[in-house]
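Enquirer: I'd like to ask you about the structure that follows.
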Amino acid sequence: MRLITSVLLASISASAVAAPFTFKGSDTLAGIMTDAIQAAGLANEIQYVGGGSGKGEEAIVAGQQGIAPMSREMKKDAAAEAVAAGINPVAHPIALDGIGVFVNRANLVNKMSLATVKAIFTCQITDWSKIPSAMKSGTIEVFRRDDASGTTDTFKHIVGVKEFGACVKVMKETIDIANETSNNPNAIGYAGLSATREGNRPATLSKDENSGAYLPTVHNIRQKLYPLARTLYVYEATGSYSLNPVESKLLPQLLDGIVTGK
């Protein structure tokens, strides 16, 4: 199975001659989608606009597209709605990834447990002085992805956040988290590892106070040591939905080289 460590978000240039087929899905998977579209020779026929896993999920359930790149599993109610419409979504695991909790590179904060991360994103901890390894004070400026993001769903599930605190600001895209944490010394925000920039870094995380702390490296994600590791998917619509010609060309490219197993 492939492993994402850093993916740059990109868009495919639309042909001026004919409008490309446009479809939605996980921003985290934008780099893989871009590579697959180009490798399949479909750069003038498909435009991947991202928008979040929820957008791809909605589109596949509505029969608007037959491929939905998602950074989480499809929700049970959405899958049931699709089946009721005669669409049977099939999940293809295509990559492993880690959700990074990003801070500015000037921030010295070291190990943080998931409980500390939860306290920050529920606004129970609001000043860096409450986290000794940061060796600084100042209001913690907290940023998150929007609710259409599969990264948000996975983050909430693993960290145990039911509702974000009032201090948390919503960012629409991964690049917004990247920019905030790169330029704001007091910022913290979660995102896929494609948010890595020269000015920020993912924090070292531990499952709890008594566990070892790990960075989201290839090894640590593969070995499931990093506590915010996850599986990424491409969902394929089967049943009453038939892939259109460009989707039929793209899907084999996306699935090429997948290795299943433990």
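The values are calculated or read from the model by the stated rules, or taken from the named source; none is laboratory data. Owing to the predicted nature of the structure, the values given are computational and were not obtained by experimental measurement. We place every Cβ from the backbone using ideal geometry, glycine too, and count neighbours over all the protein chains shown. These area figures cover heavy atoms from the full protein model, side chains too; ligands, DNA and RNA do not enter into them. Shrake-Rupley method; radii C 1.70, N 1.55, O 1.52, S 1.80 Å.
Enquirer: What residue among Asn179, Asn244, Asn104 has the largest mean-square fluctuation in a Gaussian network model of the chain, using Cα springs under 10 Å?
Expert: Fluctuation is largest for Asn244.
Enquirer: Also, I was wondering about something else. Just to be sure I follow: if Rg is taken over the C-alpha atoms of segment 134-262 and Rh is the Kirkwood radius over the same atoms, what is Rg/Rh?
Expert: Details: Rg = 17.9 Å, Rh = 17.3 Å.
Result for segment 134-262 is an Rg/Rh of 1.03.
Enquirer: Next question. Test of understanding: what is the full-extension gain from Thr231 to Arg105, defined as 0.36 nm times their sequence separation minus their Cα-Cα distance?
Expert: Working: separation 126, 0.36 × 126 = 45.36 nm, distance 2.69 nm.
The span from Thr231 to Arg105 would gain 42.7 nm if fully extended.
Enquirer: Sticking with this one: How high is the relative contact order of the chain, given as a whole-number percent (alpha carbon pairs under 8 Å, six or more residues apart)? Show your work: numbers first, answer last.
Expert: On the way: 601 pairs, mean separation 75.8, N = 262.
RCO, the chain: 29 percent.
Enquirer: Relative contact order for segment 35-174 using alpha-carbon pairs under 8 Å, separation at least 6, rounded to a whole percent?
Expert: Contact order relative to length: 23 percent.
Enquirer: In the structure displayed, which of Lys118/Lys169; Lys76/Lys249; Lys111/Lys136; Lys118/Lys162; Lys118/Lys156 lie more than 18 Å apart, Cα to Cα? Don't jump to the answer; show the numbers that get you there.
Expert: Working: Lys118/Lys169 15 Å; Lys76/Lys249 28 Å; Lys111/Lys136 15 Å; Lys118/Lys162 10 Å; Lys118/Lys156 9 Å.
In this structure, Lys76/Lys249 lie more than 18 Å apart at Cα.
Enquirer: Give me, ordered by chain and number, the residues 5 or more places off Asn107 or on other chains with an amide H under 5 Å from its own placed amide H.
Expert: Answer set, sorted by chain and number: none.
Enquirer: For a paramagnetic label modelled at 7 Å from the Cα of Lys136 toward its Cβ, which residues of segment 172-215 fall within the zone defined by backbone nitrogen distances under 13 Å?
Expert: Output list for this probe position: 181-189, 199-201.
Enquirer: What is the set of long-range amide H partners of Phe143 at a cut-off below 5 Å, with H atoms built 1.01 Å from backbone N?
Expert: For Phe143, the qualifying residues are Lys169, Ile188, Gly189, Tyr190.
Enquirer: Using a 1.4 Å probe, how large is the accessible area of Asp256, given in Å² and rounded to the nearest 10?
Expert: Ignoring ligands and nucleic acids, Asp256 comes out at about 100 Å².
Enquirer: Beyond 23 Å, what share of the Cα-Cα pairs of the chain is found? Please give it as a whole percent.
Expert: Taking all Cα-Cα pairs of the chain, the fraction more than 23 Å apart is 51 percent.
Enquirer: As a test question: what accessible area, to the nearest 10 Å², does Thr238 have when a 1.4 Å probe is rolled over all protein chains in place?
Expert: 40
Enquirer: Another question about this same structure. Please work out the average accessible area per residue across the chain, using the 1.4 Å probe convention, and give it in Å².
Expert: Working: 11750 Å² over 262 residues.
Each residue of the chain exposes 45 Å² on average to a 1.4 Å probe.
Enquirer: For the chain, what does -39500 (n - 2.57) per DSSP helix run (n ≥ 4), summed and divided by total residues, give at 222 nm, in deg cm²/dmol to the nearest 500?
Expert: On the way: 8 runs with 72 residues, N = 262.
Counting only the DSSP helices, I get -8000 deg cm²/dmol.
Enquirer: Sort His157, His92 by heavy-atom solvent-accessible area, probe 1.4 angstrom, most to least. Intermediate results must be reported in sequence, preceding the final value.
Expert: Numbers: His157 150, His92 40 Å².
The ordering from most to least exposed comes out as His157, His92.
Enquirer: I've got another one for you. For the charge dipole of the chain, defined by +1 on Lys and Arg C-beta atoms and -1 on Asp and Glu C-beta atoms about the Cα centroid, which residue among Val103, Thr154, Pro132 has the Cα displaced farthest towards the positive pole?
Expert: After comparing all options, I get Pro132.
Enquirer: For segment 35-167, taking Cα atoms only, what is the radius of gyration to one decimal and the Dmax to the nearest whole Å?
Expert: Both quantities, over Cα of segment 35-167: 18.9, 57 Å.
Enquirer: Please report the accessible area of Ser240 (heavy atoms, 1.4 Å probe, ligands and nucleic acids excluded) in Å², nearest 10.
Expert: 80
Enquirer: In debye, nearest 20: dipole of the chain around its Cα centre with unit charges on the Cβ of K, R (+) and D, E (-)?
Expert: 800
Enquirer: Tell me which residues come under 5 Å, amide H to amide H, from Thr122 once H is placed; ignore anything under 5 positions away on its chain.
Expert: Gly165
Enquirer: Ignoring ligands, DNA and RNA, what percent of the accessible area of the chain is carbon or sulfur (1.4 Å)?
Expert: Values: 5950 of 11750 Å².
C and S atoms contribute 51 percent here.
Enquirer: Could I ask something else about it? Dipole of segment 80-214, Cα-centred, from +1 at each Lys and Arg C-beta and -1 at each Asp and Glu C-beta, to the nearest 20 debye? Don't skip to the answer; put the middle values down first.
Expert: Numbers: 14 positive and 14 negative charges, 82 e Å.
So the dipole magnitude of segment 80-214 works out to roughly 400 debye.
Enquirer: Assign unit charges at the C-beta atoms only (+1 for Lys and Arg, -1 for Asp and Glu), then state the dipole size of segment 37-94 relative to its Cα centre in Debye, rounded to the nearest 20. Before the final figure, lay out each step's value.
Expert: Working: 4 positive and 6 negative charges, 22 e Å.
Roughly 100 debye, rounded to the nearest 20.
Enquirer: On a 1.4 Å probe surface of the protein chains, which of Leu255, Leu250 comes out largest in accessible area, and what is the full order? Spell out each step's value before the answer.
Expert: Numbers: Leu255 50, Leu250 0 Å².
The ordering from most to least exposed comes out as Leu255, Leu250.
Enquirer: Whole-Hz ³J(HN,Hα) for each residue in segment 87-97, computed from phi via Karplus 6.51 cos²θ - 1.76 cosθ + 1.60 with θ = phi - 60°, x for glycine and proline: what do you get?
Expert: After applying 6.51 cos²θ - 1.76 cosθ + 1.60, I find 9, 10, x, 10, 8, 10, x, 10, 6, 10, 8 Hz.
Enquirer: Now a separate question. Roughly how many whole Å is it from the C-alpha centroid of segment 210-232 to that of segment 62-96?
Expert: 26
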